[in-house]
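Undergrad: One structure follows; several queries about it will come next.
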C-alpha cells in the first residue's frame, strides 16, 4: 500500500503549484458570488413582512422543482438566502470539481504526461491520491472561507452554525462530485468522456431530484443532490446530510482505487465501440471533423441550456405575487407596466446569454489544447491552411452561439406556456433571446484574438465574462453606474420584449466581432507553431 502511494506529497505539491491560479479564480468567484448576495437581499427586503409572499411562492411546485424542497420553518433573510442560493451554488462547485478531477487524472493519461511521471519513482496510485488531496484542500478552504465570510458580514439571522453548515454543504457536495468523477475516470477512455458522463450524471440527479421534490419525495431522498435541502440551513441546521455525503465520498473513493488497480494504463473499463471501416462524410473536412469531435459537448450543453430555460419559464405563473408588493425587487425589472413576466424576460435572457457564452469559449479555446500536445501538426501537414484550421473551431463556436440561446429560449417558452394562462408568444421569446447573439459573438471574436496573439491570456476573457455577469445581473441592486454596464456587450442589447428593437448597437457588435476574428486570424497565421 505504501509503495502504491510513494511520493504522493511531492506530486500533490507539483499539481497545486500548476493549478494554483485556476483554483484561485474558481474559489474567488464562488466566494464573491456567495458573499455579495446577503447584503443585496438586505436592501431588497428591509422588513421580514415583505418576505411572506415570497415564501408562499417558494412552496409552489415550480420553485421546488428548481430550488429543492422548501423546508422553511423560519421567515427571514437567512433562510431565503440558503433556499435560493444553496442548490445553485452546489451545482457550480460540482462543475469545478468535475473539471479539475478529469483534468488531473484522465487528462494526464490522455496527454501522455502520466507515462512520463510513472517513469519516475512514484506509486501506481500516487496521481490518483494527489487528485483526491487537492480536492479535499480546495473544498475545505471553500467551505471555511464562506463560513467565516458569512459570519463577518454579520446580518441578522445568519447564525454561526448556519454559516458553517452552509459552507460544509458546499464542501461536502463538491467532494462527492469530485469522487464521482474520479470513479468515472476509471471507466471512461478519454477526458472529454469523463467530463461528459460526470456532467450528465449531475444533470440526471438534478432532474430526478426535481421530480422527487414535486411528486415523489422518496426518489429525491435517494439521490445525493436531494439531500442538500434537508440541511435546512439557518432553520433547523441538520448535519446528517453532510455525514451522508461524506460516507458516499468514502465509498466512491474506495471503488475508484479498486478500479484503478484493475485497469490498464491509458485505458478505460467501459468497452470501446469499433469505429467505421471508412471515415464518414463529417471527417472529410476540417470543419466536419471539429463538429464530430465536439458534438458530445454541444449536445450536453444544449440539453443543459434547454433545461435551464425550462426551469426559469416554469416560475412565470407566480411572478405577479413575487413582484407585486415589493418595490425594491421591481428595480430589477425592465420597462413599465403590470406584465411582470414580460419585464422579467430580459433579465433571464441576459443570464442565459452569458451562460451560453461559456460553451462558445470552450469550443474556440480547445485549439490551445490541440496545440499544446501538437495535434495541429497532424492536420497542417496535409493540404490544410492555418486559416481553415482555425476557422473550423470558429464556425463550430458560432454555431454554438446560435443553438444555445435558441434552445434556452425554447425551454423558457415551454416552461412559461405550462405555468401561465396567457403565455408570452413564442416569437417574442425567441427574438428576446436572439438579440443576445451579437454580444456572444463579441466574446467569440475576443477568444479568437487571444488565440492568435495572446495565447496565455485566455483567463482574462472568462474574468471579463464574470464582470459582465456582476454588472448586468446585479447592477440594479448594487447601484452600478451606467458607464460600467456599457463596458459590457450585454449592456448594449435591447431589452426585448418590453423595449423597442434597436439595430445600431447589434450591427456595431457584429462588426466588432468580425474585426476581432480577422485580427485573431492574422495573428494565428504569423504564430510560430
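Undergrad: Stokes-Einstein at 20 °C, 1.002 mPa s, Kirkwood radius from Cα pairs: D for the range 222-263 in µm² s⁻¹?
TA: For these conditions, the coefficient is 183 µm²/s.
Undergrad: Between residue 140 and residue 486, what is the spin-label point distance in nm, taking each point 7 Å from the Cα along the Cα→C-beta axis?
TA: Result: 5.0 nm between the two label points.
Undergrad: Over the alpha-carbon set of the range 285-529, divide Rg by the Kirkwood Rh and report the Rg/Rh ratio to two decimals.
TA: My calculation of the ratio gives 1.02.
Undergrad: Which ordering of 245, 426, 252 is given by a fewest-first count of other beta-carbon atoms within 10 Å?
TA: Numbers: 245 25, 426 15, 252 21.
Ranked by crowding around the Cβ, least crowded first: 426, 252, 245.
Undergrad: Would you please give the FRET efficiency between residue 204 and residue 417, computed as 1/(1 + (r/R0)^6) with r the Cβ-Cβ distance and R0 = 25 Å, to the nearest 0.05?
TA: 0.55
Undergrad: To the nearest 0.05, how large is the calculated FRET efficiency for residue 255 and residue 215 if R₀ is 45 Å and r is the Cβ-Cβ distance?
TA: On the way: r = 31 Å, r/R0 = 0.69.
So the FRET efficiency works out to roughly 0.90.
Undergrad: Follow-up question, since we're still on this one. Label residue 21 and residue 463 with points 7 Å out from Cα along Cα→Cβ: what is the distance between them in nm?
TA: 0.9 nm
Undergrad: Under the rule of -39500 (n - 2.57) per DSSP H run of 4 or more residues, summed and divided by the residues of the chain, what mean residue ellipticity at 222 nm is obtained, to the nearest 500 deg cm²/dmol? Walk me through the numbers on the way to the answer.
TA: Numbers: 22 runs with 378 residues, N = 529.
Estimated from H runs of four or more residues: -24000 deg cm²/dmol.
Undergrad: Over the residues of the range 1-267, compute the C-alpha Rg and express it relative to 2.2 N^0.38 Å. List each step's numbers first, then the result.
TA: Values: Rg = 19.8 Å, N = 267, 2.2 N^0.38 = 18.4 Å.
Here the Cα radius of gyration is 1.07 times the empirical estimate.
Undergrad: Multiply the residue separation of residue 399 and residue 427 by 0.36 nm, subtract the distance between their alpha-carbon atoms, and state the gained length in nm to one decimal. Before the final figure, lay out each step's value.
TA: Values: separation 28, 0.36 × 28 = 10.08 nm, distance 2.03 nm.
Contour length minus the Cα-Cα distance gives 8.0 nm.
Undergrad: When you take every Cα atom in the range 410-520, what is the radius of gyration, and what is Dmax, the widest Cα pair distance, in Å?
TA: In Å, with Rg to one decimal and Dmax whole: 16.3, 53.
Undergrad: Determine how many Å³ per residue the convex hull of the Cα atoms of the chain encloses.
TA: Expressed per residue, the convex hull around the Cα atoms of the chain is 161 Å³.
Undergrad: Taking 45 Å as R0, compute the FRET efficiency from the Cβ-Cβ separation of residue 75 and residue 387 and round it to 0.05.
TA: Calculated transfer efficiency: 0.15.
Undergrad: Something else about it: Please tell me the relative contact order of the chain in percent, rounded to the nearest whole number, where contacts are Cα pairs under 8 Å and at least six residues apart. It would help to have the intermediate numbers written out before the result.
TA: Numbers: 737 pairs, mean separation 77.5, N = 529.
Result for the chain is 15 percent.
Undergrad: Next question, about the same structure. So what is Rg over Rh here for the range 140-226, counting just Cα atoms and using Kirkwood for Rh? Before the final figure, lay out each step's value.
TA: On the way: Rg = 16.3 Å, Rh = 14.8 Å.
For the range 140-226, the value is 1.10.
Values quoted throughout were computed directly from the atomic coordinates according to the rules given, and no laboratory measurement underlies them. Remember, it's a predicted structure, so these values are computed and weren't measured experimentally. Cβ atoms come from the backbone with ideal geometry, glycine included; neighbour counts cover every protein chain shown.
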